[in-house]
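The values are calculated or read from the model by the stated rules, or taken from the named source; none is laboratory data. This structure is a prediction, so every number in the text was calculated from the model and none was measured. As a convention, Cβ positions derive from the backbone with ideal geometry for all residues, glycine included, and neighbour counts pool all protein chains shown. Keep in mind that these areas ignore ligands, DNA and RNA; they rest on the heavy atoms of the full protein, side chains included. Shrake-Rupley method; radii C 1.70, N 1.55, O 1.52, S 1.80 Å.
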Amino acid sequence: MNIQHINIKFYLENPESVKLADFAAVFNTWIQQQRLEELLVDVADYLHVHNGPGIMLIGHEADYSLDNRAGRLGLLYNRKEQVEGTTAEKLTQAVRATLTAAQILETENALKFNGSEVQVIVNDRLLVPNTVETFAALEADLKSFFDQLYDGAAYSLSHNDDRRERLTVNVKTESKFDVNTLLKNLTVETAHA
């Protein structure tokens, strides 16, 4: 299955301490300094939207946002351009991009992300409809990827099969993982590929 337009969301451990309005300036600095691999072009403020996209960093290939959808604040990566490769390679690209941005936010802005919980959304209803059959077709690839990311720790995958929604899989482990450890696990995964 050729999945594209992967979204990855890691949740904040300290959402109550975050003043989202402050991050428009942070993201504008990232544009000026081109802090990430993708071309960054603009910042959009959606603070007026209850449980909405928050502050968005708009890029050519992908968008990043401090997103508060479903009332859970986290860093959401939205890949817009297609990526070549296997499902594992596409997941690796999206998760690495998200974790790299999270690492910068932790280091420079005192945010703390929970690496033990991640949401994967495929933002393409035509190619990847949200059905039990689609999830079953992707489950082995997802398990293989998260086995590596979580270095063999037990985790659960739960699929939201509401057809009105995009294909959404929530991944959770009881083991503690931080951003740096997950980035190292991705490096190990890439070395073995």
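Per-structure values
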item	result
Hits in segment 61-93 - residues which are among the charged types (D, E, K, R) and either at pLDDT 95 or above or in a loop (DSSP other than H, G, I, E, B) (or both)	Glu61, Asp63, Asp67, Arg72, Arg79, Lys80, Glu81, Glu84, Glu89, Lys90
Number of the condition not met by Asp147 [criteria: (1) open to solvent by 60 Å² or more (accessible area, probe 1.4 Å); (2) closer than 30 Å to Leu40 by Cα; (3) not aromatic (Phe, Trp, Tyr)]	(2)
Residue in segment 17-52 that is nearest to Gly71 (Cα to Cα), counting only those that are polar (S, T, N, Q) and in a loop (DSSP other than H, G, I, E, B)	Asn51
Boolean, Ile55 is among the aliphatic types (A, V, I, L, M), at pLDDT 95 or above and either in a strand (DSSP E or B) or in contact with a Gly (Cβ under 8 Å, 6 or more places away or on another chain) (or both)	yes
Some residue of segment 33-42 being within 17 Å of the chain's Cα centre (by Cα), over 21 Å from Lys80 (Cβ atoms) and modelled with pLDDT under 95	no
Residue, nearest to Ile121 (Cα to Cα), within segment 172-191, restricted to residues that are at pLDDT below 95 and crowded, with 17+ Cβ neighbours inside 10 Å	Leu186
Positions within segment 31-43 being open to solvent by less than 30 Å² (accessible area, probe 1.4 Å) and touching a residue at least 60 places away in the same chain (Cβ under 8 Å), in sequence order	Leu36
Residue in segment 111-124 that is assigned to a strand (DSSP E or B) and surrounded by fewer than 20 Cβ atoms within 10 Å (Cβ to Cβ) present	yes
Members of segment 153-171 found to be at pLDDT 95 or above and surrounded by fewer than 18 Cβ atoms within 10 Å (Cβ to Cβ), listed by number	Ala153, Ala154, Ser156, Leu157, Ser158, Arg166, Asn170
Of all residues making up segment 130-140, the number that are surrounded by 13 or more Cβ atoms within 10 Å (Cβ to Cβ), of a type in the set (Val, Ile, Thr) and in a helix (DSSP H, G or I)	1
In segment 1-15, the residues that are polar (S, T, N, Q) and within 12 Å of the chain's Cα centre (by Cα)	Asn7
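Residue-by-condition table, conditions (1) part of a helix (DSSP H, G or I); (2) over 18 Å from the mean Cα position of the chain (by Cα):
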| site | (1), (2) |
| --- | --- |
| Val128 | no, no |
| Leu142 | yes, no |
| Arg164 | no, yes |
| Phe177 | no, no |
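Conditions (1) buried (at least 18 other Cβ atoms within 10 Å of the Cβ); (2) among the aromatic types (Phe, Trp, Tyr); (3) closer than 27 Å to Asn185 by Cα, marked per residue:
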{"residue": "Pro15", "(1), (2), (3)": "no, no, yes"}
{"residue": "Asp22", "(1), (2), (3)": "no, no, no"}
{"residue": "Thr29", "(1), (2), (3)": "no, no, no"}
{"residue": "Asp45", "(1), (2), (3)": "no, no, no"}
{"residue": "Asp63", "(1), (2), (3)": "yes, no, yes"}
{"residue": "Asp67", "(1), (2), (3)": "yes, no, yes"}
{"residue": "Val83", "(1), (2), (3)": "no, no, yes"}
{"residue": "Thr107", "(1), (2), (3)": "no, no, yes"}
